[in-house]
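Engineer: Submitted below is the structure of interest, expressed as structure tokens.
Just so it is clear, none of the values below were taken in a lab; they were calculated from the coordinates. Only a predicted model underlies this, so the values are computations on that prediction, with no experimental measurement involved. Note that we place each Cβ from the backbone using ideal geometry, even for glycine, and neighbour counts take in every protein chain shown.
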Amino acid sequence: MGRALARRMAARGDGVALLGRDLVALEDAARDLEIRGAARAPSILCDLEAPETFERVLAEAERALGRLDAVVVTAGLFATQDELEADAALAERLLTVDFTNTVLFCEAARKRLLAAGGGKLCVFSSVAGERGRKPVVIYGASKAGLTAYLEGLDHKHRADGLEVITVKPGFVKTTMTADLKPPPFAGEPEAVAARVLDAIDRGRPVVYAPLAWRPIMAVIRALPRFVMRRVGF
Ligand SMILES: NC(=O)c1ccc[n+]([C@@H]2O[C@H](COP(=O)([O-])OP(=O)(O)OC[C@H]3O[C@@H](n4cnc5c(N)ncnc54)[C@H](OP(=O)(O)O)[C@@H]3O)[C@@H](O)[C@H]2O)c1
């Protein structure tokens, strides 16, 4: 989804700094963005498992682009509930990457954007954070914490010019979900990217993508606990 969003930004001539942990893949993607029209596409190594580097990499991105209008965080880890229950080290890693270190990255971005007078902070959480559910007990908890943090951040800083956009994807067909059976409302990254870019431009605080997940989650949020204990989703 991050690549699809970057391609849309490039196509309208935005400068896009790519942050990730595989420099060769980043540079390949950067060349692609330049061909599509990106004003600039610097590549910067950033591992979400290395929080001590976050301030430096954001400073590097700002230097390379001239200024930061928006910071978008799409990185995240997924593992099934069975895998996480069987491997405490994997569970710790996922909770650290998807919650603690994502929050620390956002804190570094918050400071930098506010120092420049404001901007957009768009972060991919998940519908998995909306309700405690059997297949995503641990992953969902990390996203629930992230969603709560992003909501609080938006409430606290919108008046200062920082607009926080929380993306709540439902099931989208990406590398992350390649081994899972897609449900009926599975989305495509390109369509998600179009919705997310529109939400960033408008500063909409919450985006469900695909849109069908908004009513689906409204129903799931309303289900009583005794029903949630019985169902398998
Ligand atoms: N796909 C879905 O159905 C779905 C549903 C709800 C929420 N989401 C959320 O949406 C976001 C984007 O997911 P996606 O579906 O587009 O998955 P994806 O294609 O697997 O993208 C996730 C990216 O995160 C990067 N990443 C993982 N650990 C990292 C680390 N320690 N440091 C830096 N980068 C790291 C991966 O980089 P590498 O290429 O180096 O591995 C990968 O490029 C994630 O936050 C995910 O939790 C996805």
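Engineer: Around V164, which amide H atoms from residues at least 5 apart in sequence, or from another chain, sit under 5 Å from its own amide H, with H modelled in the peptide plane?
Structural biologist: L121
Engineer: Tell me, rounded to the nearest percent, the portion of alpha carbon pairs in segment 1-92 spaced more than 21 Å apart.
Structural biologist: 38
Engineer: Quick query: amide H of V172 versus all other amide H atoms, modeled in the peptide plane; which residues come in under 5 Å with a sequence gap of 5 or more or a different chain?
Structural biologist: Excluding prolines and chain starts, which carry no amide H, the hits are G187.
Engineer: Expressed in whole Å with the largest first, what are the equivalent ellipsoid semi-axes of the chain derived from the C-alpha gyration tensor as the square root of 5 times each eigenvalue?
Structural biologist: 29, 19, 19
Engineer: Which one, A41, A17, L153, is farthest towards the positive end of the dipole of the chain when Lys and Arg carry +1 and Asp and Glu -1 on their Cβ?
Structural biologist: Checking the options against the dipole of the chain, the answer is L153.
Engineer: How large is log10 I(q)/I(0) at q = 0.17, 0.25, 0.31 Å⁻¹ when the Debye formula is applied to the Cα atoms of segment 55-102, each weighted equally and without solvent?
Structural biologist: For the requested q values the scattering log ratios are -0.62, -0.89, -1.11.
Engineer: To the nearest 10 degrees, how steep is helix 189-202 against the longest Cα principal axis of the chain, on a 0 to 90 scale?
Structural biologist: Between helix and principal axis, roughly 70 degrees.
Engineer: Please check the chain for the longest run free of trypsin sites (Lys or Arg not before Pro) that are loop-located per DSSP (anything but H, G, I, E, B) and have at most 13 other Cβ atoms within 10 Å.
Structural biologist: Longest run free of exposed loop sites: 68-233.
Engineer: To test your reading of the geometry: what angle, between 0 and 90 degrees and rounded to tens, separates the Cα axis of helix 23-36 from the longest principal axis of the chain?
Structural biologist: 70
Engineer: Right, another one. What list do you get for T147, T53, T166 if you sort them by fewest beta carbons within 10 Å?
Structural biologist: Lowest to highest Cβ neighbour count: T53, T147, T166.
Engineer: For segment 167-211, rounded, prolate or oblate, judged on the Cα gyration tensor with a ≥ b ≥ c (square roots of eigenvalues), a/c < 1.5 rounded, else prolate if a/b > b/c?
Structural biologist: The shape class here is prolate.
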